[in-house]
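First up is the structure itself, then whatever we jot down about it.
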Protein chains: 2
Amino acid sequence: MTPRPAGIKAVAARAGVSVGTVSNVLNRPDQVAKGTRRKVEEAIRELGFVRNASASTLKAGRSMTLGLVVLDIGNPFFTEVARGVEQAASERGYTVLLCNSAGTPSRQEAHLRFLEEQRVDGVLLTPVTEDSDRIERLRSRATAVVLVDEAGRGDCCSVAVDDVRGGQLAGEHLLATGRRRITYVTGPDSIRQCADRGRGLVEAVTAAGLDAHDTIRVLEVPELTGIEGRQSVERLLADGWSDAAFCANDVVALGVLGGLLSAGVRVPQDLALIGYDDIEFAATAAVPLTSIQQPAVQIGQTAAALVLDELTRRDEHAHQEVVFRPDLVIRRSTSS
Amino acid sequence: MTPRPAGIKAVAARAGVSVGTVSNVLNRPDQVAKGTRRKVEEAIRELGFVRNASASTLKAGRSMTLGLVVLDIGNPFFTEVARGVEQAASERGYTVLLCNSAGTPSRQEAHLRFLEEQRVDGVLLTPVTEDSDRIERLRSRATAVVLVDEAGRGDCCSVAVDDVRGGQLAGEHLLATGRRRITYVTGPDSIRQCADRGRGLVEAVTAAGLDAHDTIRVLEVPELTGIEGRQSVERLLADGWSDAAFCANDVVALGVLGGLLSAGVRVPQDLALIGYDDIEFAATAAVPLTSIQQPAVQIGQTAAALVLDELTRRDEHAHQEVVFRPDLVIRRSTSS
DNA sequence: TCGTCGTTTTGAAACGTTTCAGAATGGATC
DNA sequence: GATCCATTCTGAAACGTTTCAAAACGACGA
């Protein structure tokens, strides 16, 4: 039945000091005499005082909080990215607000607005849509913004992985293992990652002196989920054309794998399979999945480091566009 | 170089009204004359005004925000729960702050403290540890608390699933399909879910007139991850004793499955396998996984509904302890 | 005893909202 | 023309912090 929780004033009264001193104990304890500090700390404990972040943020003009908007929290890849972000942020005393846009522009918009209202100090965004307006607005509010898993456009930091290169790696590997009829199982082309990875595949095929049209087919699924992957198998096998499948991510690939095996298709003998992201379940699948690895945790850490640098160094900060190189991880699904 | 973003005052000046009116447009638009409202809305647009949530929360004493602390965001089960919570919350205008305790008491503690500082209106907690102190404190701050995936202790709402029953279902099913030597692959007993599910298994065996010691073995893994599951297979197969394995969750079960298949063990012929949670990857696995299904999304929705009820109805609110029943979903991993 | 200087402590002024008692406005009604 | 309502609008007082100029204190040397 306490109407309002005890504030800094109550603490001050109890400890017999001024509010300024209590605030100092909270924010610069080293400038407070030891005895005083102890008294205040005891009062805090006795009253169960917990700092009111609203008031603090309002007055101080910063919230010590970062917003992270990911494309799909159901995809373990993003979970790992988030882990990296959180780790780097918490080391510097920042807390991360995790938001899931679920690939929906309207949800991305809603979350960005929320973060804006909360006056987060920085935003890490895996964009669904390049909503330049809102990003511009955030930046004009002195909010640091970094694009994650997306190349920047010069006006802000970004951390990405070269997806074209990743597609290339996948293509080269399949070709090297003798495959010549590759189905690319992918999501809508509006998802940049899907488009880029497909482009890389085409490049690899072309570079090998093959005709892309003869070598590659595209099988589009509406959503990058396991279910859709599994369901796509029927179409994948329909005419017996393919001797390999490259999936736009591991979640889909695992669905495809399940579908293939239960249809009696041997992987990799009858059909080679390669995924993307190298999530934990890939190594652990029935037929361990060859995949294109991305340094997920490191992406998160780097992105966080960039926002924090922009936040701390302000004027000296120069925007950077970090691009990681993906790696091929070969497992049984492509090489028996 | 706008030092501070435009506030309600600037909007008021621009629209030629008082701040009170602007606030009304924001919070009770129907009490404002249509013309005035339009003027204010235009000013808001022109200035790019975004409400400052800190100030709002500070003054109004509520943040329209809920905190959700989950045990393991890497487990798709919790992702689904979160989805349910978010859905129910956003329908009522609340935003959810998602936190991951990762099974660590200190992280749970840190997140609860953060949520307390943020003055969230309600907290949904999947407890690592029953930190009654902090929960008590939250509740004394007029913060609604509901326990998720954990039975309550009478003093707050809770939404749980009967894990003992789930373990029973698994046990009964394995016995019904003729298995008599069951290994229970589980995490530390300190995780309540693991303990309860194991208890259910024992009950099923005992109820069938069998001796639990002769019928059940326990194989403990340090963490409920796919890797650990896969690695446990060696021990699982060591003496050829088992004809079935029951895993404490699907993430582990899928790891075990991968290990079994690549060791040449046929599932279910040589060894039946059953998981828990019925995550999406279960249906989609190489050998589709029999599992104990929990209504994850519904758990989230219900939990959110309970907090919101406590928040809205206050005095009339009566604490409820909702317990869902788990369901057996039979797939190929236990029945060819 | 008096300065002086460094360390602590103080107290009041914001920060940007919400809220609410009351003032203005403008019809209706007598 | 006076009165009464309902509808709109106003303005000032919080909300709980942080911050900063200035005051208080103490130790020290002159």
Hits in the range B:278-326 (condition: among the acidic types (Asp, Glu) and either more than 14 Å from every other protein chain (Cβ to nearest Cβ) or part of a helix (DSSP H, G or I) (or both)): B:280, B:309, B:310, B:315, B:316, B:321
Within the bounds of the range A:60-78, is there any residue that is assigned to a helix (DSSP H, G or I), β-branched (Val, Ile, Thr) and in contact (Cβ under 8 Å) with a residue 12 or more places away in the chain? no
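Please specify each residue of the range A:122-160 satisfying the condition of being under 18 Å from the mean Cα position of the chain (by Cα) and charged (D, E, K, R). Break it down stepwise before answering.
The initial filter retains those residues of the range A:122-160 that are under 18 Å from the mean Cα position of the chain (by Cα), namely A:122-131, A:135, A:144-152, A:156-160.
Scanning the range A:122-160 gives A:130, A:131, A:149, A:150.
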What pairs come up if the first residue lies in the range A:187-215 and is among the aliphatic types (A, V, I, L, M), the second is assigned to a loop (DSSP other than H, G, I, E, B), and their beta carbons are under 6 Å apart, counting only those six or more places apart or on different chains? A:195/A:189
Residue selected from the range A:216-267 under the condition of a type outside the set (A, V, I, L, M), buried (at least 17 other Cβ atoms within 10 Å of the Cβ) and part of a loop (DSSP other than H, G, I, E, B), by the criterion nearest to the chain's Cα centre (by Cα): A:249
Anything in the range B:50-77 that is over 22 Å from residue B:7 (Cα atoms), open to solvent by 20 Å² or more (accessible area, probe 1.4 Å) and more than 9 Å from every other protein chain (Cβ to nearest Cβ)? List them, or say none. B:71, B:72
Residues located in the range A:104-125, provided they are modelled with pLDDT of 95 or more and either of a type in the set (S, T, N, Q) or in the same structural domain as residue A:193 (by TED's automatic domain parsing) (or both): A:118
Restricting attention to the range B:30-40, which residues are surrounded by fewer than 16 Cβ atoms within 10 Å (Cβ to Cβ) and more than 12 Å from DNA strand C (Cβ to nearest atom)? B:30, B:34, B:38
What's the number of the condition residue B:9 fails, among (1) open to solvent by 40 Å² or more (accessible area, probe 1.4 Å); (2) within 12 Å of chain A (Cβ to nearest Cβ); (3) in a helix (DSSP H, G or I); (4) within 13 Å of DNA strand C (Cβ to nearest atom)? (2)
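A quick yes/no check of all residues on (1) more than 12 Å from chain A (Cβ to nearest Cβ); (2) modelled with pLDDT of 95 or more; (3) assigned to a helix (DSSP H, G or I):
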{"site": "B:88", "(1), (2), (3)": "yes, yes, yes"}
{"site": "B:102", "(1), (2), (3)": "no, no, no"}
{"site": "B:133", "(1), (2), (3)": "no, no, yes"}
{"site": "B:139", "(1), (2), (3)": "no, no, yes"}
Among the residues that make up the range A:165-177, is at least one of them more than 21 Å from residue A:78 (Cα to Cα), open to solvent by less than 20 Å² (accessible area, probe 1.4 Å) and at pLDDT below 85? no
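The values are calculated or read from the model by the stated rules, or taken from the named source; none is laboratory data. Note that the coordinates shown come from a computational prediction; the quantities given were computed from them, not determined experimentally. Every residue, glycine among them, receives a Cβ derived from its backbone with ideal geometry; neighbour counts consider all protein chains shown. For the accessible areas, the whole protein counts, side chains as well, though only heavy atoms, and no ligand, DNA or RNA atoms are used. Shrake-Rupley method; radii C 1.70, N 1.55, O 1.52, S 1.80 Å.
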